[in-house]
1. Of the residues G392, G372, which single one is among the small types (G, A, S), without any contact (Cβ under 8 Å) to a residue 40 or more places away in the chain, surrounded by fewer than 22 Cβ atoms within 10 Å (Cβ to Cβ) and over 23 Å from K424 (Cβ atoms)?
2. Would you check which residues across the range 176-219 are assigned to a helix (DSSP H, G or I) and of a type in the set (S, T, N, Q) and list them?
3. Within the range 346-369, how many residues are within 21 Å of L436 (Cα to Cα) and either in contact with a helix residue (DSSP H, G or I) (Cβ under 6 Å, 6 or more places away or on another chain) or surrounded by 15 or more Cβ atoms within 10 Å (Cβ to Cβ) (or both)?
4. For the range 120-159, what are the residues that are open to solvent by 20 Å² or more (accessible area, probe 1.4 Å), closer than 14 Å to D257 by Cβ and assigned to a helix (DSSP H, G or I)?
5. Is it the case, given these coordinates, that Q59 is surrounded by 12 or more Cβ atoms within 10 Å (Cβ to Cβ) and either modelled with pLDDT of 95 or more or assigned to a helix (DSSP H, G or I) (or both)?
6. What is the number of the single condition among (1) over 23 Å from the mean Cα position of the chain (by Cα); (2) open to solvent by 80 Å² or more (accessible area, probe 1.4 Å); (3) within 30 Å of S265 (Cα to Cα) that S82 does not meet?
7. Out of E52, E103, E92, report the one residue that is open to solvent by 60 Å² or more (accessible area, probe 1.4 Å), out of contact with any Ser or Thr (no Cβ under 9 Å at 6 or more places or on another chain), under 28 Å from T339 (Cα atoms) and not in a loop (DSSP other than H, G, I, E, B).
8. Across the range 367-402, which residue is farthest from P213 (Cα to Cα) among those that are within 30 Å of the chain's Cα centre (by Cα) and acidic (D, E)?
Amino acid sequence: MNYKFFPHTEKNVSDMLDKIGVKSLEDLFKEIPEEVRFRGQYDIPGAKSEIEIRQFFNQLGAKNQQLTCFAGAGVYDHYTPSAVPSLVSRSEFLTSYTPYQAEVSQGTLHYIFEFQSMMAELTGMDVSNASMYDGSTATAEAVLMAKANHKKANKVLISETVDPKILSVIKTYAHFQQIDIEMIAEREGITDQEDLAQKLAEGGVAGVVVQYPNYYGIVEDYTGVADKCHEQKALFIMNSNPSDLALLKTPGELGADIAVGEAQSLGIPMGWGGPYVGYMCCTDKLVRKMPGRIVGKTIDEEGQRVFVLTLQAREQHIRRQKATSNICSNQSLMALWATIYLSLMGKEGLKEAAQLSYDGAHYLCEQLLKTGHFTLAYDQPFFNEFCVKYDGNLQELQQRFIENGIFGGIQVGDDMLMLAVTEKRTKEEIDQLIELVP
């Protein structure tokens, strides 16, 4: 049997089959039912020239409908400075080898160190790791950290105002770690503080997870929550949108033990859902329980500044059953992207982008309410995302938006629409959306 797209020689295949005691490749796959096996020819086109390939993909791309985006729910249409995609491809950053061998991967280690430094400053926390797969898995890893930190407790409380997508990932992780997930009630779009206090008082809680701003875009006041958690020896975990932290109180200021979240808002294009990059920061006392990589700065024998992986036990990579986590990789390219974005924007640039997003969202909300067809779903402070209720057919309204080139938010209930505004949205675009409301 000839598999011309496989790199193995016939002897390679024969040796491997002999090793596992199988006579043929057909026998290797015999467990797959015949009715689901593909026996035809693959529809692979013939060779094309470079110009033909470009034409093909241009025609394919032209089928996409480019919409003005007013949707959020964890993914936001922020501006990417043109220098970012150019700089991320420079060879001094894109060293080819994994960071384990420091002497040949200084470029990668350097920008990871800068990413850690910037994320620690942005969140107001003591230390950051190298990066996580995405915001959801970062939050799930924080839950595992809480369990590891409190060996006698196996319950984690999660606010009902946390994004359902994040919650689903946490539950998957928790299921296989024998962690009990208990929900904190939501009241008027925010975490019910009385329910939180009651559940903490019952004991056996390793950690508490909240979102900031929460799933509905509301900026909840978490003042004093950390103290309530610490009284019961539970860790306070905050999932935050990092771009909003340019203007909001940081998790560090609010007493969080672990700050996690999705860093897509730091200039990473929406890209049809990914790939993105998660972040994780924590206090000094928890650094040994952090998953993934941590890069440190030191000097070599000649006194030059160099970067190395640090505080990594061998269990992380060898005795994996004893590791704090089995995440040993990260989203380094996206971490580099976010690092260059933060460097170019600077503190004032981040603040300006956040302020424009805030102002645009509040202008849009005011204009929607003036139509008489919308009411604010929750009378709570919000940042650049909010929920409104519509008195008509919401699906028909959204279809009307799309037909006119606008992605008009996300439906989160029968009559509830969630909209987001970033610094990219102009007053003219917002007014255009308003004009489409019948």
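The values are calculated or read from the model by the stated rules, or taken from the named source; none is laboratory data. No experiment lies behind these values; they were computed from the predicted model shown. All Cβ positions, even for glycine, are placed from backbone atoms using ideal geometry, and neighbour counts span all protein chains on display. In case anyone asks, the SASA skips ligands and DNA or RNA and just uses the protein heavy atoms, side chains included. Shrake-Rupley method; radii C 1.70, N 1.55, O 1.52, S 1.80 Å.
1. G372
2. Filtering the range 176-219 down to residues assigned to a helix (DSSP H, G or I) leaves 193-201.
Correct list: Q193, Q198.
3. Residues in the range 346-369 being within 21 Å of L436 (Cα to Cα) and either in contact with a helix residue (DSSP H, G or I) (Cβ under 6 Å, 6 or more places away or on another chain) or surrounded by 15 or more Cβ atoms within 10 Å (Cβ to Cβ) (or both): 8 in total.
4. L144, K147, A148, N149
5. Values: surrounded by 12 or more Cβ atoms within 10 Å (Cβ to Cβ): no; either modelled with pLDDT of 95 or more or assigned to a helix (DSSP H, G or I) (or both): yes.
Spelling it out, it is not the case that Q59 is surrounded by 12 or more Cβ atoms within 10 Å (Cβ to Cβ) and either modelled with pLDDT of 95 or more or assigned to a helix (DSSP H, G or I) (or both).
6. Here S82 clears every test but (1).
7. Values: E52 fails: under 28 Å from T339 (Cα atoms); E92 fails: not in a loop (DSSP other than H, G, I, E, B).
That would be E103, the only listed residue that is open to solvent by 60 Å² or more (accessible area, probe 1.4 Å), out of contact with any Ser or Thr (no Cβ under 9 Å at 6 or more places or on another chain), under 28 Å from T339 (Cα atoms) and not in a loop (DSSP other than H, G, I, E, B).
8. Result: D379.
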